[in-house]
1. Among the residues of segment 108-123, write down those that are closer than 14 Å to Asp59 by Cβ and surrounded by fewer than 23 Cβ atoms within 10 Å (Cβ to Cβ).
2. Out of the residues in segment 635-651 meeting the condition of being over 21 Å from Pro547 (Cα atoms) and in a strand (DSSP E or B), tell me which one is modelled with the lowest pLDDT.
3. Sort out which residues of segment 131-152 are aliphatic (A, V, I, L, M) and open to solvent by 10 Å² or more (accessible area, probe 1.4 Å), and write them in order of number.
4. What's the number of the condition Gly223 fails, among (1) on the phi > 0 side of the Ramachandran plot; (2) modelled with pLDDT under 95?
5. Residue by residue through segment 190-206, note down the ones that are closer than 18 Å to Gly150 by Cα and open to solvent by less than 10 Å² (accessible area, probe 1.4 Å).
6. Restricting attention to segment 338-354, report how many residues are under 13 Å from Met379 (Cβ atoms) and touching a Pro at 6+ places or on another chain (Cβ under 9 Å).
7. Do you know which of the residues in segment 552-567 that are surrounded by fewer than 21 Cβ atoms within 10 Å (Cβ to Cβ) and small (Gly, Ala, Ser) is farthest from Ser460 (Cα to Cα)?
8. Against the definition (of a type outside the set (Asp, Glu), assigned to a strand (DSSP E or B), open to solvent by less than 10 Å² (accessible area, probe 1.4 Å) and within 26 Å of Phe364 (Cβ to Cβ)), how does Met187 come out, yes or no?
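The values are calculated or read from the model by the stated rules, or taken from the named source; none is laboratory data. Fair warning: this is a prediction, and the values are worked out from it, not measured in the lab. Cβ placement follows ideal geometry from the backbone for every residue including glycine, while neighbour counts extend to all protein chains displayed. Just the protein is used for accessible areas: all its heavy atoms, side chains included, with ligands, DNA and RNA removed. Shrake-Rupley method; radii C 1.70, N 1.55, O 1.52, S 1.80 Å.
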Amino acid sequence: MAKSALTRAIKLTGTDVPEPKRRILEAGPITAMFDNGALRYIRYRGAEVLRGVAYLVRDKDWGTYAPAIENLKIRQGKNGFTVSYTATARDKQQAIRYDATIEADAAGRLTFSAAGMPLTDFLTNRTGFVVLYPLVGVVGEPVEIVQTDGKKRKSRFPKVISPGQPVFEIRSLKHTVVPGVTATVLMEGNKFEMEDHRNWMDASYKTYVCSLLDPWPYTLKKGEAFTQSVTVTVEGKPAARKAAKAGAAVSIEVGGAKGRIPAIGVGVPMAEAAHALEKAELVAAMHPAHLVCQIDGRNGGQAEAAAAFRELRERTDALSTLEIVLPAKVPAKEEVNAIAGALRAADFRPDAVVVTQMHDLKSFQPNTPRPWGPSYEEMAEAVREALPGVPVGGGMLSYFTELNRKPVPPGLFDFVTHSVCPIVHAADDISVMETLEALPSIIASTRNMIGKTPYHLGPSSIPCRDNPYGAAVAKNPGNGRVCLSDMDPRQRGLFAAAWNVGLLAALAKGGLNSVALGAVTGPQGVIYRKADHAQPWFDGAKAAVYPAYHVLAGLAPASGNRRLEAVSSAGSTVAALAHQSKSGKELWLANLSAEPQKVKVSGLSGAAELHRLSDGNFVALATKPDFLSRPGETVKKLSGLELGPYGVVRIKTG
């Protein structure tokens, strides 16, 4: 295979597919980022009003079309701006076109309108406007609601994540942006409702057109035009506040001990069992605290997979947690006993088990009928009878949403689990990094649900494990950024290394007991292997691992160590995680942005050794799995440093 060039884009994001160019627009005190037909970060005198407004077209599996934009015109004036364009969303079966206009003035008013025209009968789960509210300054705060019948009422944005829609039949919402400033969002053209977007790891509350209480998918008839609009009106004057100095360094303050680092492990999907065994030496070199393996009762080859898991555990000296998926065809005891027979045949006794059934791999609206399947209680009893003495966990192999909509009975399981995925609703680079902002809410809401029961995070990565919301995961033949795809090129780049540091920092701060990252090999993996999909540069190079491997190899051995408080002055830009090892203090920093960041560190004294994960040493990161064991950069005194785009640094003192 011909070796492809190692471009900077591949180093950062694993793909040469570019993202659309973005532009900041101004209308007096209002600013907004125009991004591929949508608006992001609508601000008023620097304060965030809305996280975004977009016109989205979804297919019957909740996939989001990437519309082709034509006739784009942007006019930036002295006191306002206007944007207009025509967009077409199509696939082989159907197509829809819409004409969009955005207008904003210095008086604090912004309108985003669109006129849609189905070019064919168009089957969709949702087509129209989505309005995103930020979390900071909004979670748990008051909101004034005007409903479609004109009635007014007062409420609050949910603090604990709502499993269902907290508000229905919306015409407008009014909330406080900062003291002295309010924003009213008027939504016209259809009814709107709100869902708590944090369920899916999105850093927002989402207000969207139409209702999930109505049948979906639905058909937009060919030739029948329809219009929608969103109007934002900002009123008031904020109190004077000190503006942040442009180009100022992000400050990181390392403090005292506070909790412990979770047990950090890695996933071993059933389909990757044999591949993982081939890479056992590299797996062992990461020193994972545990391997989260899986046997799906719907699939053959169970004994062979179990034998591979047993040997991998022996060769890595890691504990094993086995996820069991029941086919939900006959009583749980029969299906568990069948899988237990395969385990006995392979002489594999896992150290812990998570049990679920196939229907719980899919998502259901709260209080809606579900297909027959064994209950939590029946599954737990069956595993305890078949594998006495083995701790039994429950919850969801999918995401927090599904656990929130089907909570586990208190006290039934020895631990509770779910996973997370950052590409459910949006897959652009900014949105994926923003998902880390939702983790404190997910953790707090889970704790509210399970109390003091040990809390485990199942294998989580940028690519999704499964698609609970459609028939299958989305295909990604072009190495792009695709929602709900099990292959995401960023898993191979520095991007994933930074995202994983941010993930671990939030989970450690949240007090989780156990965490598993992605997989050893495969599309969600950290160790390279040849695959059915193209992996630019890696396929023609002598690559062994991806940059995220070093995050696992560096932090998994810290499992159980005292966590040190590490406070970032800009946590959404630079993530920080610190712990106390036997040899001294260790601090990990990750730049969560595509721009270089200056960082100033306090709380660490004496000489330090630095190991950087950057685009400048990418080849070494990919070809030298023992990179962190080699000598790093030494400094006599640590103060300031710079992190490149999606750069990561490990700082060791003592």
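1. At the first step, the residues of segment 108-123 found to be closer than 14 Å to Asp59 by Cβ are 118, 120-123.
Answer for segment 108-123, where residues must be closer than 14 Å to Asp59 by Cβ and surrounded by fewer than 23 Cβ atoms within 10 Å (Cβ to Cβ): Pro118, Thr120, Asp121, Leu123.
2. Initial filter on segment 635-651 (over 21 Å from Pro547 (Cα atoms)): 635-640.
Imposing the further condition that a residue be in a strand (DSSP E or B) reduces the set to 635, 640.
Numbers: Val635: 94, Gly640: 89.
Ranking the qualifying residues of segment 635-651, first place goes to Gly640.
3. Of segment 131-152, the ones aliphatic (A, V, I, L, M) are 131-132, 135-136, 138-139, 143, 145-146.
Selection gives Leu132, Leu135, Val136, Val139, Val146.
4. Exception for Gly223: condition (2).
5. Step one: of segment 190-206, the residues closer than 18 Å to Gly150 by Cα are 190-194.
Across segment 190-206, the qualifying residues are Phe192, Glu193, Met194.
6. Qualifying residue count for the region: 1.
7. Going through the qualifying residues, I end up with Gly560.
8. Details: of a type outside the set (Asp, Glu): yes; assigned to a strand (DSSP E or B): yes; open to solvent by less than 10 Å² (accessible area, probe 1.4 Å): yes; within 26 Å of Phe364 (Cβ to Cβ): no.
Judged against the criteria, Met187 is not a match.
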